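Step one of this worksheet: look at the structure below.
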Amino acid sequence: MRKPALYGIHDGTERDGTAYRAELTAYIDSPTCAPEPVLTGELELPETWWKSLHTDLETIAGTPTQRVAVRRQ
């Protein structure tokens, strides 16, 4: 799995106890799949891309962590 270099991490905590983490990573100059953050059409990606994504997601899912994702709903 390709990942940008990690240069630094900053952890912070709000008064209510909510913890945040900010990570400073290297700039990626590879071409993007779309120019905007929201897709407006289907992507034309090769089958090898999808196979690589599947493998990467299996690796991530099998990695133990103590992190908890928090979303305000």
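Defining a contact as two alpha carbons under 8 Å apart and six or more residues distant in sequence, what relative contact order in percent does the chain show? Reported relative contact order: 22 percent. Only protein heavy atoms count here; under a 1.4 Å probe, V70 has an accessible surface of about 110 Å².
The mean accessible area for residues of the chain, using a 1.4 Å probe and ignoring ligands and nucleic acids, is 103 Å² per residue.
For the stretch 48-56, the Karplus equation 6.51 cos²θ - 1.76 cosθ + 1.60, evaluated at θ = phi - 60°, returns couplings of 4, 5, 5, 5, 5, 4, 4, 4, 4 Hz by residue, with Gly and Pro reported as x. In order along the stretch 8-22, the phi-based Karplus estimate (6.51 cos²θ - 1.76 cosθ + 1.60, θ = phi - 60°) of 3J(HN,Hα) comes to x, 9, 10, 9, x, 9, 7, 4, 7, x, 5, 9, 10, 9, 10 Hz; Gly and Pro are listed as x.
Evaluating 6.51 cos²θ - 1.76 cosθ + 1.60 at θ = phi - 60° for every residue in the stretch 26-39, the Karplus couplings come out as 5, 6, 9, 9, 5, x, 8, 6, 8, x, 10, x, 10, 6 Hz, glycine and proline recorded as x.
The values are calculated or read from the model by the stated rules, or taken from the named source; none is laboratory data. These figures come from a predicted structure and were not determined experimentally. Protein only, heavy atoms only, side chains kept; ligands, DNA and RNA dropped before computing areas. Shrake-Rupley method; radii C 1.70, N 1.55, O 1.52, S 1.80 Å.
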